[in-house]
């Protein structure tokens, strides 16, 4: 026999609470970038995700940096479909285009 569901009025999801706190601290862009990277890695699957060094967002362009040119080539075939999915599922990220590049060795770029 199942228990009756408790009334959850007045409760707030933890993610909503954290987003509000981050917005007040001026770090709301970090949350959307995190969501974007997580979604990209979900779309990529396990093997391709391991080849992604980082995901950046600059002026509406999502930039995926890959370790190896083979994955870069594969991404060029998937780019249009992924862009549509990202725009549909993460409209708050404001992704207008998607670009895949080969990762450079050395320190992370400053923006």
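No lab work stands behind these numbers, since they all come straight from the coordinates. These numbers come from a predicted model, not from an experiment. Note that we place each Cβ from the backbone using ideal geometry, even for glycine, and neighbour counts take in every protein chain shown.
What the table below lists for this structure:
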| read-out | value |
| --- | --- |
| Prolate/oblate/rounded label for region 14-102 (Cα gyration tensor, a/c 1.5) | prolate |
| Segment residue 103-residue 35, extension gain: residue separation times 0.36 nm, minus the distance between their alpha carbons | 22.4 nm |
| Percentage relative contact order, region 14-102, counting C-alpha pairs under 8 Å, at least six apart | 28 percent |
| Cβ-based exposure ranking for 83, 98, in which fewest neighbours within 10 Å come first | 83, 98 |
| Region 52-111: C-alpha gyration tensor shape, a/c 1.5 cut-off, then a/b vs b/c | oblate |
